[in-house]
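The structure under discussion is supplied below as structure tokens; questions concerning it will follow.
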Amino acid sequence: MRPKDIALIALFTALMCVLGLTPRIQLPLLPAPFTAQTLGVILAGGILGARRGFASMALFVLLVAIGAPVLVGGVGGLGMILGPTGGFIIAYPFGALVTGLLIERWWPKLNYLTAFLAGFIGGALVLYVIGQPWLITVSAKVSLADGWWSWIVYLPGDLIKTAIAAGIIVTVKKAYPLITPRRTDATPAAA
Amino acid sequence: MLSLYQPGTSPVHRCPAWVKLLAMLVLGTAAFFLTDLRVLGAGLAVVIGAYAVARIPIAAAWKLLRGVLVMLVIVVLAQGLLGDWPTAAQVGIRLLLVIGLANLITLTTTQTAIVDTVERIATPLRVFGVRPDRIGLLIALVFRFIPVIATEAARVREAHEARGVRPGLSYLAPLVIRTLRMADGLGEALEVRGVGEDDPPRRRGARVRG
């Protein structure tokens, strides 16, 4: 890991923490409050790439676990991770990883639409796939089928967040490209 | 200070971090197999007793619990309405027990102690190219830069407001670019100090590329 990578990982984690300090935005017509923090997950993968994005979000989860009040609302600690919504937090590194892998693959012809798709798959679907079963398991006897609907509440917010993140990813690609494209013929990228 | 730690000298505070983490792992797992309300209730009482022994101010305990409480209420209500109320009580007590225990560890253990434990636990991850000793450095860097980036965020937002941009998330793109630019400087500073140079030669062979 180069010094630059360490700097990027640490600073992006710090940015993620700052996003948690910003006030919740209650948008009209949206049932769940809107926070910028999950937007950070998409940005980590889409801007730093899969490997560094994963590392950065793993570092964030570690910060939460050691009790830094970095989640939205100034909370943190192991209780948040073991709690009902803990699966969504644990999913952050994997969300960033998936978004990063897709962005790396689509990098040469990356546009708003592909960025949106990569962000939605990593930043919403992956979080949902890991977080929702966790929520249902922790809250015990409610069957999986009964619990599925609850995600719909977050869908409008996720779509808006992904739209914003995709715009930023495309802008940053022009202004400050950091990702080495992942070739389909699987040549190991230079370290 | 970016920590939820409540200083103290109680037995709970003095207990080594790894013992506390292990205890939570064991008790947390056990709680998921317990169904008897009386046993769960007794467990919860023990956890509350431990808060008293550790002399945690109620305000500090509440601040941490508040974060998960909304979700907890929703989960218990959903369980009660979709299933039955005894199970809902079981789920509620179980979650309170596990979360209360985890929060107690957060409140009574310094971040340094937890980082040390994490570094020790992460040692086997060396095979995957993870450097456990880097974790402490990374955490220190994050804490150092949170105020810096928060100041930048405020500055960008002020600039937007001054130009009449509607408040929202429009400050994000410039903030991200400023953060990346900061990383350039920080990366150089780390390089000059020889931090994060590639691993010493003897370790290089052992690294596995992912």
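How large is the charge dipole for the stretch B:11-109, taken about the Cα centre, if only the Cβ atoms of Lys, Arg (+1) and Asp, Glu (-1) carry charge, to the nearest 20 debye? Can you show the working numbers first?
Working: 7 positive and 2 negative charges, 77 e Å.
Here the stretch B:11-109 has a charge dipole of around 360 debye.
Most exposed first by the Cβ proxy, i.e. fewest other Cβ within 10 Å, how do A:Y176, A:Y92 rank?
The order, fewest Cβ neighbours first, is A:Y176, A:Y92.
Check cross-link reach from A:K173 to the lysines: straight Cα distance under 28 Å, and skip same-chain residues fewer than eight apart.
Excluding near neighbours in sequence, the set is A:K4, A:K109, A:K161.
For the protein assembly as shown, take every pair of Cα atoms, bin their distances at 10 Å starting from 0, and report each bin as a whole percent.
Histogram of Cα-Cα distances, whole percents per bin: 5, 21, 31, 26, 14, 3, 0.
What Kirkwood radius, in Å to one decimal, follows from the Cα pairs of the stretch B:11-109?
14.1
Moving to a separate point now. Which residue, chosen from B:T109, B:Q79, B:L44, occupies the Cα position most advanced towards the positive end of the dipole of the stretch B:11-109, where the dipole is computed from +1 (Lys, Arg) and -1 (Asp, Glu) charges on Cβ about the Cα centre?
About the Cα centre, the residue reaching furthest to the positive side is B:T109.
Among A:T114, B:T109, what is the fewest-to-most ranking by other Cβ atoms within 10 Å?
A:T114, B:T109
Starting from the Cα of B:K20, draw a straight line to each of the lysines and keep only those under 19 Å, dropping any in the same chain fewer than 8 residues away.
Here the lysines satisfying the reach criterion relative to B:K20 do not exist.
A further question on this structure: Treating the beta-carbon of each Lys and Arg as +1 and of each Asp and Glu as -1, no other charges, what is the dipole magnitude of the protein assembly as shown about its Cα centre, to the nearest 20 debye? Spell out each step's value before the answer.
On the way: 37 positive and 19 negative charges, 133 e Å.
Result for the protein assembly as shown is approximately 640 debye, rounded to the nearest 20.
Looking only at B:R144, B:R166, B:R178, which one moves most when chain B is put into a Gaussian network model with springs between Cα atoms under 10 Å?
Sorting by GNM fluctuation, first place goes to B:R166.
Which whole number gives the average count of other chain Cβ atoms within 10 Å of the Cβ atoms across peptide B:94-100?
Per-residue shielding by partner chains comes out at 4.
Can you find, among A:G67, B:G28, B:Q90, the residue sitting farthest towards the positive end of the charge dipole of the protein assembly as shown, where Lys and Arg contribute +1 and Asp and Glu -1 at Cβ?
The residue sitting most towards the positive pole is A:G67.
Once the piece of chain linking B:E188 and B:D116 is laid out straight, how much longer is it, given 0.36 nm per residue of separation minus the C-alpha distance between them?
23.2 nm
Output needed for the stretch A:40-120: three equivalent-ellipsoid semi-axes, defined as square roots of 5 times the C-alpha gyration tensor eigenvalues, in descending order, whole Å.
27, 11, 9
With a sphere of radius 11 Å drawn around the Cβ of A:L59, what net charge do the other residues whose Cβ falls strictly inside it have (Lys, Arg +1; Asp, Glu -1)? Mind showing how you got there, number by number?
Values: positive: A:R52, B:R134; negative: none.
Spelling it out: positives minus negatives among the neighbours equals +2.
Further, regarding this structure: Work out the charge dipole of the protein assembly as shown with +1 on the Cβ of Lys and Arg and -1 on the Cβ of Asp and Glu about the Cα centre, then indicate which of B:G187, A:T137, A:W151 is farthest towards its positive end.
Value computed over the given set: B:G187.
Can you give me the long-range amide H partners of A:Y176? Hydrogens built in the peptide plane at 1.01 Å from N, cutoff under 5 Å, separation of 5 or more residues or another chain.
Amide H to amide H, under 5 Å and 5 or more residues apart or across chains, A:Y176 pairs with nothing.
Just so you know, all these numbers are worked out from the coordinates, no wet-lab data involved. Bear in mind that the values here come from a model prediction, so they are computed numbers and not experimental data. Cβ sites come from the backbone with ideal geometry, for glycine too, and all protein chains shown count toward neighbours.
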